[in-house]
Amino acid sequence: MPQRLIVVKVGTNGITKKGKLDEEEMQKLVSQIAAATKQGDKVVLVTSGAVAAGIAELGIPPKPQDVAFQQAAAATGQSVLMAKYRKFFKQHDLKVAQILLTAEDLSNRASYVHTCDVLGLLLKIGVVPIINENDVTSVDELMRTEGYKVNFSDNDILSVLVAGAICADLVIILSDVEGLYTTDPQEPEAELIKTVDAITPELKSSLNGKSKLGRGGIQSKIKAAEIATSCGIPVVIANSRRENVLLDVLSGKEVGTYFKPQSRMPAVKRWIAYGAAVKGKIHVNEGAKKAIMQGSSLLPVGVTKVVGIFDVGDVVSIEDENHGEFARGNPNYNSSQLNLIKGLQITDVEKKLGFKPREVIEHRNIHLIEEEK
């Protein structure tokens, strides 16, 4: 069997019991990852559970609405969580490495590429990377400026962003349910959906539900599956407590819900579409939108408004006259410069800026969002 690169994400409920780490379940998961590794697969583990582990360690009643408390619990729980993983992997002669990521780490192109390089080296030398969101410094509530939008808000999304970054062959999201159901799994008429050919707006609007201990829910998992499959990576959502669930999925058995991959997106466009936070917005007129949709570049004359503060190379949203986002890209100008030259012909730009300008604002690295609809 050819070597595969697998990203496995396990949720809080999969490795905790009564508010504490469930060592038996953790050992089962580690044993399966070790078996997969010895069969030739490379596995990256994205794990939740730090906050729950920290609350148990601190012995203080949970305060779900207190951000500082959640961060303190995460800081305490990370060392507890990693100590357990290190102990269990060591029993299989495997070493582990902890990687904590924030939205900014994946939004900055240099950090994004460097993270990929580090992951690649760890996998090459036989180390199992264990990834978690850096809850201590990553807070969604601390939005920076108008127009800024973070790229992930939980480990479901983080797992598929990592998968896209390293060009994984498969993402396995281990949850506390068997997979995706036609309705609430607690309802007697609920049926497991074994295969999803495409994630439609109707499918997304029909779902609800949220984890009690973690931040993810079924909508988060569907969003994660949508991102991964759009990047050409298949996804399986399955029950983490099902016996040998990971090995069964890897052996090709019909387990959980399988999401079919779509066409693989080029690496830079994957980062623009999903990896990077959106730092601002560029509003364009109808003529500019039409040109972009047909594959042309964005010129200053087509810009009507600039929102937010961004630098050259940051990812920005491109919106039409109705404020609808239809594309994303990397501008050749920062927000201050773009505010000066918006609406101008290219011949007038040099006079305004005082230096020879680039002819276009955005060129090849434009990701068309409307193509996905």
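FYI, it's all coordinate maths here, none of it is from the lab. Computed from a predicted model, the values in this text were never measured in an experiment. A quick note on method: Cβ atoms are made from the backbone with ideal geometry, for glycine too, and the neighbour counts reach across all protein chains shown.
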Can you tell me the length gained on complete extension of the stretch ILE60 to PHE355, counting 0.36 nm per residue apart and subtracting the Cα distance?
100.2 nm
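What's the exposure ranking of THR183, THR102, going from fewest to most Cβ atoms within 10 Å?
Working: THR183 13, THR102 20.
Least to most surrounded, the residues fall as THR183, THR102.
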Computed over the Cα atoms of the chain, what is the convex hull's projected area averaged over all directions, in nm²?
19.7
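Would you please give the FRET efficiency between LYS90 and GLU325, computed as 1/(1 + (r/R0)^6) with r the Cβ-Cβ distance and R0 = 56 Å, to the nearest 0.05? Show your work: numbers first, answer last.
On the way: r = 47 Å, r/R0 = 0.84.
So the FRET efficiency works out to roughly 0.75.
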Calculate the dipole size of segment 5-270 relative to its Cα centre from +1 charges on Lys and Arg beta carbons and -1 charges on Asp and Glu beta carbons; express the result in debye to the nearest 20.
680
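Using only alpha carbon pairs under 8 Å that are at least six residues apart, calculate the relative contact order of segment 278-372 and give it in whole percent. Intermediate values should be presented prior to the final figure.
Numbers: 192 pairs, mean separation 30.3, N = 95.
Answer for segment 278-372 is 32 percent.
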Mean separation of Cα contacts under 8 Å, 6 or more apart, over the residue count of the chain: relative contact order %
15
Among GLN78, ALA165, GLY126, which residue has its Cα furthest toward the positive end of the charge dipole of segment 5-270, with +1 on Lys/Arg Cβ and -1 on Asp/Glu Cβ?
GLY126
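From the cross-link list LYS38/LYS253; LYS20/LYS204; LYS18/LYS63; LYS289/LYS351; LYS223/LYS290; LYS9/LYS63, which pairs have alpha carbons spaced over 23 Å apart? Don't skip to the end; give the middle numbers.
Details: LYS38/LYS253 19 Å; LYS20/LYS204 32 Å; LYS18/LYS63 16 Å; LYS289/LYS351 26 Å; LYS223/LYS290 28 Å; LYS9/LYS63 25 Å.
Table pairs above 23 Å Cα-Cα are LYS20/LYS204; LYS289/LYS351; LYS223/LYS290; LYS9/LYS63.
Treating the beta-carbon of each Lys and Arg as +1 and of each Asp and Glu as -1, no other charges, what is the dipole magnitude of segment 278-372 about its Cα centre, to the nearest 20 debye?
Magnitude of the dipole: close to 400 debye.
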So, in nm, how far is label LYS124 from label LEU247 when the simple model puts each one 7 Å beyond its Cα toward the Cβ?
3.1
